[in-house]
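Beneath this line is the structure, given in structure tokens, with notes to follow.
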Amino acid sequence: MKMKKLINIIAIFAMTIQISTAQDLNMAKVAKDWETIKKNFVEEVKKDPELKAVYSNDLDWRINDSTILFEIKESEYTNFHFDKKIGKKYEALRKAYLEKLANNPKYAMPKGNEKDSMLKAYEQQIESLKKDSVNSHKEIATLKQDVRNAKQKLSEKNNKSFVDNVFDNWIIYLIALLELVVIIFLAKKWMSSDDENEELHDRNRELKMQKDSFETQLQRLQNQKPKVETEKEEVKPVVVEPMPKKEAPITKTIFYKYLCQINSADGGFFKRVQDNYDGSSSYYRMFNINDGEADFEFFGDAERAIKKWSSILDSVAEYDGDTDTATKIQTLQSGKVKYDSANERWNVIKKAKLKLY
């Protein structure tokens, strides 16, 4: 509403300036029909071929949005692609159009006292609008001050220290701290539980390997057939001799070393040997070690070896069985290895024979 009043002030000032050109126009009635008057003037301009040729968006804006009665000064001709000839033609057409409006009884200015009273009413309206304009400026100044105050308060809020923010929002910070403590507690519990599960898994794997080893040894003993030697009995005279003393059977202790780091190059070899079994790196053990040669057999995590058959089994052994369904490994015949001092490794000179089941 305030902006509309300001526009009306400018329009009335402009109209008063143009009274010298169209002094007999009744500006109140002109203002009422202003849109129609502008439209008719555009049609008059476009009727002239030369003016129509240079008619542009800038000229259209000047006619429809300018508060002055279609006036274009000579200094502005270049803005509308006018030369002096076109400019004089436009000015003549403009004045003729305004005179035509003044001669129209609808827009004619009243005579005598009526004219004076109308002009006085215009002056009073102008004064009223001027006062409204002053009040509008004051209101705009007040709004600007309010904006500056709001910006200052926002700046002061942003410049608060971290401690001030903590005190202002202590509940939020307390909740965040409690959540952090709970997360840390749950993470520690999870890690502790995971470590316990890993230890149980390792223990279970060791027990399973010991069980497989016992089953392998038992199977080997079952496959061995006792040799029975029969000799022809000769009829000899019975001679009573004293009973010989029975000697205690000699038990042979087998010492094992555990082969690690399998490599398939050059027919297969083991790069490292260790005295103690390590379930994560060893899958074979050697025994009967004599003059740089030894026998070796499978000993380790059967399921893991079957899953990695191409690198653990193929390199140093021959085997029968389905790698997709088997879960256990039995050594049918031990293989042989020989120590290569030049390369510091145990070369496979005979692959072990295994059964997967």
Are any residues in the stretch 133-154 among the hydrophobic types (A, V, I, L, M, F, W, C) and open to solvent by less than 70 Å² (accessible area, probe 1.4 Å), and if so, which ones? 141, 150
Examine the stretch 313-328 for a residue that is out of contact with any strand residue (DSSP E or B) (no Cβ under 9 Å at 6 or more places or on another chain), touching a residue at least 12 places away in the same chain (Cβ under 8 Å) and among the acidic types (Asp, Glu), and state whether such a residue exists. yes
Just a yes or no: is a residue in the stretch 291-301 open to solvent by 60 Å² or more (accessible area, probe 1.4 Å) and at pLDDT below 95? yes
Conditions (1) at pLDDT below 95; (2) open to solvent by 60 Å² or more (accessible area, probe 1.4 Å); (3) not aromatic (Phe, Trp, Tyr) -> residue 353 fails only (1)
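Working carefully through the options 157, 115, 111, find the one that is open to solvent by less than 90 Å² (accessible area, probe 1.4 Å), basic (Lys, Arg) and modelled with pLDDT under 80. Working first, answer last.
On the way: 157 fails: open to solvent by less than 90 Å² (accessible area, probe 1.4 Å); 111 fails: open to solvent by less than 90 Å² (accessible area, probe 1.4 Å).
After applying the criteria, what remains is 115.
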Could you count how many residues in the stretch 182-226 are open to solvent by 100 Å² or more (accessible area, probe 1.4 Å) and more than 52 Å from the chain's Cα centre (by Cα)? 6
Breaking point among (1) of a type in the set (Lys, Arg); (2) open to solvent by less than 100 Å² (accessible area, probe 1.4 Å); (3) within 30 Å of the chain's Cα centre (by Cα), for residue 130: (3)
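Considering only the stretch 165-182, I want to know if a residue exists there that is closer than 30 Å to residue 353 by Cα and in a helix (DSSP H, G or I).
First, pick out the residues of the stretch 165-182 that are closer than 30 Å to residue 353 by Cα: none.
Within the stretch 165-182 (the criterion being closer than 30 Å to residue 353 by Cα and in a helix (DSSP H, G or I)), the answer is no, since none of the residues qualifies.
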State which residue is most open to solvent (accessible area, probe 1.4 Å) when the search covers only the stretch 254-280 and only residues that are farther than 16 Å from residue 345 by Cα and not aromatic (Phe, Trp, Tyr). 276
Would you call residue 325 part of a loop (DSSP other than H, G, I, E, B) and either under 20 Å from residue 208 (Cβ atoms) or in contact with a Pro (Cβ under 6 Å, 6 or more places away or on another chain) (or both)? yes
Would you be able to say whether some residue in the stretch 346-357 is more than 49 Å from the chain's Cα centre (by Cα), part of a loop (DSSP other than H, G, I, E, B), within 19 Å of residue 264 (Cβ to Cβ) and touching a residue at least 40 places away in the same chain (Cβ under 8 Å)? yes
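The values are calculated or read from the model by the stated rules, or taken from the named source; none is laboratory data. Values in this document were obtained by computation on a predicted structure and should not be read as measured data. Methodologically, a virtual Cβ is constructed for each residue, glycine included, from the backbone with ideal geometry; neighbour enumeration extends over all protein chains shown. To get the accessible areas, we keep the full protein, side chains included, count just its heavy atoms, and leave off ligands, DNA and RNA. Shrake-Rupley method; radii C 1.70, N 1.55, O 1.52, S 1.80 Å.
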